[in-house]
Amino acid sequence: MVQVASLFNQLLKHFPRTEFAALVRKHGAERRAKGFGCWTQFVAMLFCQLSRTDSLREICNGLSCCLGKLVHLGIDRAPLRSTLSYANQHRPAALFEDLFWTTLGRFREQRLLGSRPTRFRFKNKLLSLDSTTISLCLNLFPWASFKRTKGGVKAHVLLDHDDYMPRFILLTNAKAADVRMARATPIPSQSIVVCDRAYLDFSRLAQWTAQGIYFVCRSPHYPLYRVVSRQCRPSVGNILTDHRVRFTGRWSSRYSQLLRRITIRIPGDPQPLILLTNLMDFAASTVGRIYKERWQIEVFFKTLKQNLKIKTFVGTTENALRIQIWTALIAMVLLKWVHHLSKARWSLSNLTCMLRLNLFTYRDLRSWLDDPFGTLPLTPEPEQLSLQFSGFGQPRITSSS
């Protein structure tokens, strides 16, 4: 017999039942529940993410095919479609939001997501601020109106570059402006925030500077400014200009201090890249590399949308949509951890595909990650030697006189 649980069960061990029960009591999620618990709902929605099922029917049928193995997951039987749909519609999505942050915090404390990449010498925390829009059908999601014939929701994310996982997430309607949502984003002091030109708000930049927060923000061409001093640009590289400037016109009242304006040549692009920053002591090339790191948040959005169920939803209510998004982020934490442990050097998408095909495979998770194509013997080796008796079973020969 195989003495290990399924891969799905080994992933669920990272969610202690006592901790989960405490969150359920905190949010009163099982109030008036009759048999169908929040743990069963969580297992079903996590199965939806890891197996990439497209509907409630596929979730319930997929779990029903493994009735003999569900007891190892902590559930007795697969849920019914109507029961799971009702739970996603009425049970608070804040339960899964707290579960995500609790799990991510535990993984970070135990350093299960890897250490900080050594790309820069400074010790400041590097953060990226951006948002992504999830398009929705307006006929199915009338509460998420965005345009005349299109709906959508927006996820505002503050990405931590120590492990490339979120530090803050805010889900809003797609109409919400990025620059306004930046006001609700908590940013620690002495950190460096990288953002695109959609977040260019001189009032917000002045507030960040007063709080001891450094920023590197892309700038459009239209703000008027006056050059105070010019720095010598390096003879090699893509740095075109490095100026200390003071903005004039209507922006002077919003940000009256000096800013650093760096112009960088982009190969293949006729328009240069203009960066605004309050990092006065860093080299211009370092500031350019810091802004280049902003691409990691685009990689995070791409990984989330391509490998998990976040573009199509199994429910049409806002609560059901939030539950599916938060369970996708929980699954993202598990996939990051599995990818960090893997020695096969696969991409995250290939590893996600292999995990989807082997959720109920009974193998040790770490050995499976090292050799996913290895086969397990069907029968174990015998532990006791077989004794052979001489003459046992042989016919007795008698002589007749």
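In table form, for the structure just shown:
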| read-out | value |
| --- | --- |
| Kirkwood-based shape ratio for region 218-350, expressed as Rg/Rh from alpha carbons | 1.15 |
| Relative contact order (%) - the chain, alpha-carbon pairs under 8 angstrom, separation at least six | 19 percent |
| Paramagnetic reach from Lys69 in region 12-54 [backbone N under 20 Å; point 7 Å along Cα→Cβ] | 12-15, 40-54 |
| Ratio of Rg to Rh over the chain (Cα coordinates, Kirkwood Rh, two decimals) | 1.14 |
| Estimated distance in nm for a label pair at His340 and Ser145, the labels positioned 7 Å out from Cα along Cα-to-Cβ | 4.4 nm |
| Distance histogram in 10 Å bins (all Cα pairs of region 156-245, percent per bin) | 13, 39, 31, 15, 1 |
| For the chain, calculated [θ]222 nm from helices alone, where every DSSP H run of n ≥ 4 adds -39500 (n - 2.57) | -10500 deg cm²/dmol |
| Unsatisfied cross-links (Cα-Cα over 32 Å) in the set Lys26/Lys343; Lys34/Lys154; Lys26/Lys309; Lys13/Lys292 | Lys26/Lys343; Lys34/Lys154; Lys13/Lys292 |
| Principal axes of region 1-141: Cα extent on each, largest first, Å | 54, 52, 30 |
| Debye equation applied to the C-alpha atoms of region 197-293, log10 I(q)/I(0) at 0.17, 0.24 Å⁻¹ | -0.73, -1.46 |
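None of the figures in this text is laboratory data; all of them are computed from the coordinates on show. Note that this is a predicted model, so its numbers are computed, not measured. Note: ideal-geometry Cβ built from the backbone for every residue, glycine included; neighbour counts use all protein chains shown.
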